[in-house]
1. Of the DSSP beta bridges with both residues in the chain, give the percent that are antiparallel, rounding to the nearest 5.
2. From Cα pairs below 8 angstrom and at least 6 apart in sequence, can you work out the relative contact order of the stretch 241-300, rounded to a whole percent?
3. Going by amide H atoms built from the backbone, whose H comes under 5 Å of the H on Leu297, apart from near neighbours?
4. Mind listing the phi-derived Karplus ³J(HN,Hα) values for the stretch 200-205, rounded to whole Hz, using 6.51, -1.76 and 1.60 with θ = phi - 60°, and x for any glycine or proline?
5. How large is ³J(HN,Hα) for each residue in the stretch 93-102, as worked out from phi by the Karplus curve 6.51 cos²θ - 1.76 cosθ + 1.60 (θ = phi - 60°), to whole Hz, x for Gly and Pro?
6. Quick check: from the Cα gyration tensor, does the stretch 149-203 come out rounded (a/c under 1.5), prolate or oblate?
7. May I ask you to compute the full-extension gain from His53 to Asp270, defined as 0.36 nm times their residue separation minus their alpha-carbon distance, rounded to one decimal in nm?
8. Please report how far the C-alpha centroid of the stretch 69-114 lies from that of the stretch 122-184, rounded to the nearest whole angstrom.
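Bear in mind that the values in this text are calculations on the coordinates, not laboratory data. Computed from a prediction, not measured in an experiment: that's the story for all the values here.
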Amino acid sequence: QKKMILDLDTGIDDALALAYAVGAPDVDLIGIISSYGNTVIETAAQNSLDLLHLLGADDVPVFIGESHSSTTDHFDVMPISQLIHGKNGIGEVVLETAPRAVETQSGVDFLIAAAHQYADDLIFIPTGPLTNLATAIKKDPTVATLIGNTTLMGGALTVPGNVTPFTEANIHQDPEDADYAFTHQKNLTMVGLDVTLRTLLTKKETAAWRALNTAAGNKFAELMDFYIDAYANLGIDKKGAALHDPLAVAVGIDPSYVTTLPLAMHVTFDQKSGDYGRTIGDKDKLLEPTTSKVAVLVDTNRFVSDFQTLMLSVLDN
Ligand code: BDR
Ligand code: CA
């Protein structure tokens with residue numbers, strides 16, 4: 001069975017990715033590395049611990065990764081992130097505190113060790129900034145070729161972005177390390193914003209979670225409804241909210257949910273042009289062989305329906 005590691009800045013759609021990975025029958029979730037983005041890293045890590053506890057998965061270890069980008073010495077949560085995910089990252093929902101703490105090994109060292117141990121059998125899913133991945137490759141360059149499958153949520157091949165007209169939040173947090181990861185990591189698949197925005201979940205689905213009458217069903221419905229309301233209030237979408245991060249998990253397990261192009265990507269750094277952090281298909285490498293793939297289409301109906309089926313089973317405990 002394939003092994004999966006998630007790298008989460010645990011906000012609401014990260015929480016859905018976590019639940020999806022816990023419930024997915026075809027993979028063994030061996031750890032969660034924490035990142036910063038939707039919240040500061042300490043809150044992200046605690047959210048992951050508490051969500052795992054809620055789901056009865058206290059055996060999945062949680063690690064602390066890098067707390068800010070390598071070009072800054074500090075991270076502040078963007079106001080827009082707090083509007084979408086709440087001040088605590090999970091829509092102000094209060095969860096029972098998990099009866100355990102994070103691991104002492106660093107997230108970066110855990111990823112390096114797992115890359116050596118599982119190699120081709122390892123699926124790595126970053127759904128926050130790519131700081132942990134880039135830091136791991138810089139520390140041990142063999143990581144770039146060892147990990148069998150890296151499928152990330154981030155970037156936008158076609159505009160608009162969700163932070164600036166050109167940039168998506170995960171890449172915007174740390175463009176330098178994102179570029180490093182894009183240009184070094186082999187077997188990388190990008191699931192960008194232009195694709196994930198086509199996968200919406202509505203209050204019809206969360207009503208079914210609530211109807212399970214379980215603690216997990218109620219809490220997940222509560223946090224997802226916060227996210228759906230935020231999408232409506234901010235004018236992003238009136239009906240539903242995007243399944244960004246769980247789509248990356250699903251594609252990591254079953255690539256046939258999306259259609260991809262073989263495309264080398266890089267990330268821009270020009271602060272003045274307003275596209276700092278933009279992901280761009282590298283035209284100079286267009287005809288060269290690449291192991292990178294960029295998702296451009298998604299089978300929306302099949303994914304949303306499979307997502308809902310899996311959530312109904314994982315929340316029913
Ligand atoms: C991405 O940024 C975060 O806010 C979400 O969790 C998702 O990973 C969407 O741009
Ligand atoms: Ca995320």
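1. Numbers: 11 of 35 bridges.
Bridges in the chain that DSSP calls antiparallel: roughly 30 percent.
2. 38
3. Thr259
4. 10, 10, 10, 6, 5, 5
5. 6, 9, 10, 5, 6, 5, x, 7, 10, 5
6. Values: a/c = 2.39, a/b = 1.39, b/c = 1.71.
Taking the square roots of the gyration eigenvalues as a ≥ b ≥ c, the stretch 149-203 is oblate.
7. Result for the pair: 73.8 nm of gain on full extension.
8. 17
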